[in-house]
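In what follows, a structure is listed as structure tokens, so that the remarks can point back to it.
The values are calculated or read from the model by the stated rules, or taken from the named source; none is laboratory data. Because the structure is predicted, anything quoted here is derived from the model rather than measured. As a convention, Cβ positions derive from the backbone with ideal geometry for all residues, glycine included, and neighbour counts pool all protein chains shown. What goes into the accessible areas is simple: the full protein's heavy atoms, side chains included, and nothing from ligands, DNA or RNA. Shrake-Rupley method; radii C 1.70, N 1.55, O 1.52, S 1.80 Å.
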Amino acid sequence: MANHKSALKRIKQNAKRNERNRYWKSTMRTSIKKVRLAVEDQETEEAQESLQAAISMISHVASKGVIHKNTASRKISRLTKLVNRMGDDA
């Protein structure tokens, strides 16, 4: 356990940030899962709506620094490609 006042504060700050980042990351994963489930069920309209929500969520999470901007870009690209491919098959 830390002895310095500043180190104790740092531990508290890290715990609070960790909890906040876990929340945002989990919420992001849920929105991604909704897109994938809609694609799996061949629900085109639902997939499009879920995609827009997921893109917004991923961008928000990246702007907060929870994930790297390139990771966000990659996730958005792959989801968009998945939904667009579904439209081609139908």
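Quick notes
- Counting only protein heavy atoms and a probe of 1.4 Å, the accessible surface of the chain is 47% carbon and sulfur.
- For the chain, the calculated P(r), taken from all Cα-Cα distances in 5 Å bins from zero up to the bin holding the longest distance, is 2, 14, 20, 17, 13, 10, 7, 6, 4, 3, 2, 1, 0 percent.
- Prolate is the label for segment 39-90, because the ratio a/c of its alpha-carbon gyration tensor axes (a ≥ b ≥ c) is 1.5 or higher and a/b is greater than b/c.
- Estimated inter-spin distance, Lys81 and Lys12, nm [label 7 Å along Cα→Cβ]: 4.7
- Backbone geometry of segment 59-67 corresponds, through the Karplus equation with coefficients 6.51, -1.76 and 1.60 at θ = phi - 60°, to 3J(HN,Hα) couplings of 4, 5, 4, 5, 5, 7, x, 6, 10 Hz, x marking Gly and Pro.
- In order along segment 44-50, phi translates into HN-Hα couplings of 4, 5, 4, 5, 5, 5, 5 Hz, rounded to whole numbers, per the Karplus curve 6.51 cos²θ - 1.76 cosθ + 1.60 with θ = phi - 60° and x for Gly and Pro.
- Springs between Cα atoms under 10 Å define the GNM used for the chain, and in it the highest mean-square fluctuation of Leu51, Leu79, Leu37 occurs at Leu37.
- Per residue, the chain exposes 76 Å² of solvent-accessible protein surface, assessed with a 1.4 angstrom probe and all protein chains in place.
- Counting only alpha carbon atoms, the long axis of helix 5-40 and the longest principal axis of the chain meet at about 10°.
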